[in-house]
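The values are calculated or read from the model by the stated rules, or taken from the named source; none is laboratory data. As the structure is a prediction and not an experimental result, all values here were calculated from the model. Positions of Cβ are generated from backbone atoms using ideal geometry, with glycine treated the same way; all protein chains shown enter the neighbour counts. When the accessible area is computed, the model is the full protein with side chains, heavy atoms only, and any ligands, DNA or RNA have been set aside. Shrake-Rupley method; radii C 1.70, N 1.55, O 1.52, S 1.80 Å.
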Amino acid sequence: MKITLHVTPDITPRPLIAEVILETGALLNIDRADVKPKGGEVVIDVPHDECDRVVAAFKKRGATITCLKLPIIKDDDECVNCGACISVCPTGVISFRDDWSVQMDVDKCVQCGACVTMCPHGALTVGK
Amino acid sequence: MAGKTIQDINAKIKDGSVHVVTAEEMPDIVAELGPDGAAKEIDIVTTGTFGAMCSSGAFLNLGHSDPPIKMQKVWLNDVEAYAGLAAIDAYIGATQLSKSRGMEYGGAHVIEDLVAGKSIDIHATAYGTDCYPRKVLDTTVTIDDINQATMFNPRNGYQKYNVATNCSNRTLYTYMGTLLPDCGNVTYSGAGVLSPISNDPTYQTIGVGSRIFLCGAQGYVTGQGTQHDPTNDFATMMVQGDLKQMDKKFVRGATFHGYGTSLYVGIGIPIPILNADIAKATAVTDADITVDVLDYGVARRSRPVLRQVTYEELKSGMIDINGREITTSPMSSFHDARAIAGELKDLIQKGTFYPTLLVERLPGTGVVCKPMKQIGEQPTVADVMAKRVITILQGQTVENAAKVIMEGNFNHLPVVSDEDRLVGIITAWDIAKAVAKNKRDKLDDIMTRAVVTADTSEPIDIVARRLEQHNISALPVVDKHRRVMGIITSDDISKLVARR
Ligand code: SF4
Ligand code: SF4
């Protein structure tokens, strides 16, 4: 399960993620962090069974968290199964099935957006 | 065996006894029966390809307005079409971009929307004549409201296509998609085993008058495509077909980020197996078709060839480049190429599609695809750069650098090492910032170390683009030892362009 931590200037000085790891004992994995002085977001991979506790621990500390049900969404009406998106994905989310249609292992997505830019048919959007 | 004729085959289509397979099924059949046996057994092999074909478009006849207009310029959904034809004829090309939406929407999307039956806004202007007095026209139409809508594509169905990668250190946005830096990925195009011309590389059955499956309609090959290059196995076709009969599934507008729009066109060509030679040619496999891997990091006509690969290797998902395994992506859809070859096979078996006799073969060897004749020398960096450059030794103070810049009355000061190698650059603006922050002592702390440079032999257009990309106004020109040979500024380039 992926969650997005929305970082605001007031929480940046705190070791928020470290605190949550210590409190919950959950093995968090930072997939992507995009934080500028004015704030930003961190995508964190959370073990499925610990998700509720982790989210609660963040919220308790005043952080805004969103859960990504579908980190990357493909519009099958627009997709032509070319596979152009495959080679730009850093985590190997996208692959061909045996019949050359395209499948996505969305759990691996870190929402970098590279495939969205690559897709010639505007078929992909990053989930919010 | 004497071989078959098109008439024999068409008679079999009529009585339902025709034997059709796709080009993917054929290699095994030829391996088992041999070319002679396969030619006896199989009547038609269907091919298919579905990918971006930029040289595509459509002729439209809009019907006369009242009062009538002789369109001088016309826009469809804000995309300009060519109107230098009779009064209300226009040609909408796939790569023309929308005036208001830019790369997001282009001629290709207009064509897709027409085929999908959507409304298209038309705006036309004219100078007005005695016979065509009207000067402005605005209306909205669908494909059913206009007279002819004929897809006419000057260059489609490349026999095969070179593979793209990028050895430079920045991301490139090309018609081969996003190319990640440092050979981060590889993109390719073409249907390989299903590619129409690869299955008939001597054009025994594909030529002027061949009836083809064109985006769901029955269309025709009308001649050699532009840039047809049989000598290098890069044959192309010119094709046409009725847009009104087409299926949206196989006509798809596309946008290549940072490049522009293109049209995904679906083409299927039936290859009548008239003799053993033709049967043998259709046994081609992905492993038999070889293409060059080019470095798009070099923006010149001749890009360096990194290696050769087969479609079999490309389709495996990884290829080796300089000892590293790199992920590949097709830009064309093999899934849909297969669907097209399959659909064409069904149409023939159902008796609704009949292959035709050639009127004329495509030109074979002897045709050479020439590069452009350019008159006048292309100016290079050496022609434009300032050769007298003042530099400063690293380790000096900001104060000193400020003095040098003041005295010389310029903006960019290259910083060099003791061995006279370029190590950084400093601008008047860097100095102003440093002074404001009271960082006056060491130059090395405030200079830019990752200096973007040019070399003397590079064409001006390439350097101009580099300046634009990095949003800077000057580049030091260095030799291969990074010794500063000169400096080239955007002002120098603008002056030259103004003179051209
Ligand atoms: S956004 Fe796209 S490219 Fe990036 S990780 Fe997700 S699927 Fe891969
Ligand atoms: S690049 Fe776009 S159209 Fe091609 S397979 Fe990926 S999602 Fe589909």
Hits in segment B:305-323 - residues which are open to solvent by 20 Å² or more (accessible area, probe 1.4 Å), touching a residue at least 40 places away in the same chain (Cβ under 8 Å) and under 22 Å from the mean Cα position of the chain (by Cα): B:306, B:315
Among (1) buried (at least 16 other Cβ atoms within 10 Å of the Cβ); (2) in a loop (DSSP other than H, G, I, E, B), residue B:423 falls short only on (2)
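Okay, residues lined up against (1) part of a loop (DSSP other than H, G, I, E, B); (2) in the same structural domain as residue B:115 (by TED's automatic domain parsing); (3) of a type in the set (Phe, Trp, Tyr):
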residue: B:140; (1), (2), (3): no, yes, no
residue: B:167; (1), (2), (3): yes, no, no
residue: B:170; (1), (2), (3): yes, no, no
residue: B:181; (1), (2), (3): yes, no, no
residue: B:190; (1), (2), (3): yes, no, no
residue: B:193; (1), (2), (3): no, no, no
residue: B:198; (1), (2), (3): no, no, no
residue: B:202; (1), (2), (3): yes, no, no
residue: B:213; (1), (2), (3): no, no, yes
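Can you tell me how many residues in segment B:179-205 are away from every other protein chain (no Cβ under 14 Å) and surrounded by fewer than 24 Cβ atoms within 10 Å (Cβ to Cβ)?
Within segment B:179-205, the first condition is being away from every other protein chain (no Cβ under 14 Å), and the residues that meet it are B:195-205.
Then drop every residue that is not surrounded by fewer than 24 Cβ atoms within 10 Å (Cβ to Cβ), which leaves B:201-204.
The qualifying residues number 4.
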Name the single residue, out of those in segment A:103-128 being away from ligand 1 (no atom under 11 Å from the Cβ) and facing another protein chain (nearest Cβ under 8 Å), that is most open to solvent (accessible area, probe 1.4 Å). A:122
Before we move on, is residue B:102 under 23 Å from residue B:237 (Cβ atoms), among the small types (Gly, Ala, Ser), open to solvent by 20 Å² or more (accessible area, probe 1.4 Å) and within 20 Å of the chain's Cα centre (by Cα)? no
Cβ pairs under 8 Å, 6+ apart, first in segment B:459-470 and more than 18 Å from residue B:173 (Cβ to Cβ), second open to solvent by 70 Å² or more (accessible area, probe 1.4 Å) and polar (S, T, N, Q): B:459/B:378; B:460/B:378
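Listed here are the residues, each with its yes/no results for (1) in a strand (DSSP E or B); (2) open to solvent by 80 Å² or more (accessible area, probe 1.4 Å).
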site	(1), (2)
B:403	no, yes
B:407	no, yes
B:414	yes, no
B:456	no, no
B:475	yes, no
B:480	no, yes
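Condition test on residue B:226, is it part of a helix (DSSP H, G or I) and open to solvent by 50 Å² or more (accessible area, probe 1.4 Å)? Spell out how you get there, then give the answer.
Details: part of a helix (DSSP H, G or I): no; open to solvent by 50 Å² or more (accessible area, probe 1.4 Å): yes.
The answer is no for residue B:226.
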I'd like to check something: does segment B:244-254 contain any residue that is surrounded by fewer than 24 Cβ atoms within 10 Å (Cβ to Cβ), away from chain A (no Cβ under 14 Å) and either in contact (Cβ under 8 Å) with a residue 24 or more places away in the chain or of a type in the set (A, V, I, L, M, F, W, C) (or both)? yes
Before we move on, is residue B:326 assigned to a strand (DSSP E or B), touching a residue at least 60 places away in the same chain (Cβ under 8 Å) and open to solvent by less than 40 Å² (accessible area, probe 1.4 Å)? yes
Residue, nearest to the other protein chains (Cβ to nearest Cβ), within segment B:57-89, restricted to residues that are in contact with a Leu (Cβ under 7 Å, 6 or more places away or on another chain) and assigned to a loop (DSSP other than H, G, I, E, B): B:88
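Among the listed residues A:65, A:21, A:86, identify the single one that is more than 16 Å from ligand 1 (Cβ to nearest atom) and without any contact (Cβ under 8 Å) to a residue 40 or more places away in the chain. I'd like the intermediate steps shown before the answer.
Working: A:65 fails: without any contact (Cβ under 8 Å) to a residue 40 or more places away in the chain; A:86 fails: more than 16 Å from ligand 1 (Cβ to nearest atom).
Answer to the check: A:21.
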For the structure I just gave you, tell me whether residue B:69 is out of contact with any helix residue (DSSP H, G or I) (no Cβ under 8 Å at 6 or more places or on another chain), buried (at least 22 other Cβ atoms within 10 Å of the Cβ) and touching a residue at least 12 places away in the same chain (Cβ under 8 Å). yes
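Can we say residue B:388 is basic (Lys, Arg) and within 14 Å of another protein chain (Cβ to nearest Cβ)? Step through it out loud before you land on a result.
On the way: basic (Lys, Arg): yes; within 14 Å of another protein chain (Cβ to nearest Cβ): no.
Here the answer is no, as residue B:388 does not meet what is asked.
Could you list all residues from segment B:138-178 that are open to solvent by 50 Å² or more (accessible area, probe 1.4 Å) and closer than 26 Å to residue B:202 by Cα?
B:155, B:158, B:161
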Test: residue A:64 is more than 10 Å from ligand 2 (Cβ to nearest atom), surrounded by fewer than 17 Cβ atoms within 10 Å (Cβ to Cβ) and not assigned by TED's automatic domain parsing to the domain that holds residue A:27: no
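Has segment B:298-310 got at least one residue that is small (Gly, Ala, Ser) and in the same structural domain as residue B:23 (by TED's automatic domain parsing)?
Taking segment B:298-310 and keeping what is small (Gly, Ala, Ser), we get B:299, B:302.
When the remaining residues are screened for being in the same structural domain as residue B:23 (by TED's automatic domain parsing), the result is B:299, B:302.
Within segment B:298-310, one or more residues are small (Gly, Ala, Ser) and in the same structural domain as residue B:23 (by TED's automatic domain parsing).
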Only one of (1) in contact with a Ser or Thr (Cβ under 9 Å, 6 or more places away or on another chain); (2) of a type outside the set (Val, Ile, Thr); (3) more than 13 Å from ligand 1 (Cβ to nearest atom) fails for residue A:96. Which number is that? (1)
For residue A:80, are the conditions met, namely being within 16 Å of ligand 2 (Cβ to nearest atom), within 18 Å of the chain's Cα centre (by Cα) and surrounded by 13 or more Cβ atoms within 10 Å (Cβ to Cβ)? no
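Residues are listed down the side, and each one gets a yes or a no for (1) surrounded by fewer than 19 Cβ atoms within 10 Å (Cβ to Cβ); (2) farther than 29 Å from residue B:186 by Cβ:
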residue	(1), (2)
A:21	yes, yes
A:32	yes, no
A:69	yes, yes
A:87	no, no
A:91	yes, no
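Results for (1) touching a strand residue (DSSP E or B) at 6+ places or on another chain (Cβ under 9 Å); (2) modelled with pLDDT under 95, shown as yes or no for each residue.
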{"position": "B:138", "(1), (2)": "yes, no"}
{"position": "B:144", "(1), (2)": "no, no"}
{"position": "B:147", "(1), (2)": "yes, no"}
{"position": "B:156", "(1), (2)": "yes, yes"}
{"position": "B:165", "(1), (2)": "yes, no"}
{"position": "B:170", "(1), (2)": "no, yes"}
{"position": "B:204", "(1), (2)": "yes, yes"}
{"position": "B:213", "(1), (2)": "yes, no"}
{"position": "B:216", "(1), (2)": "yes, no"}
Within segment B:296-323, residues of a type outside the set (Phe, Trp, Tyr) and part of a helix (DSSP H, G or I) come out as B:312, B:313, B:314, B:315
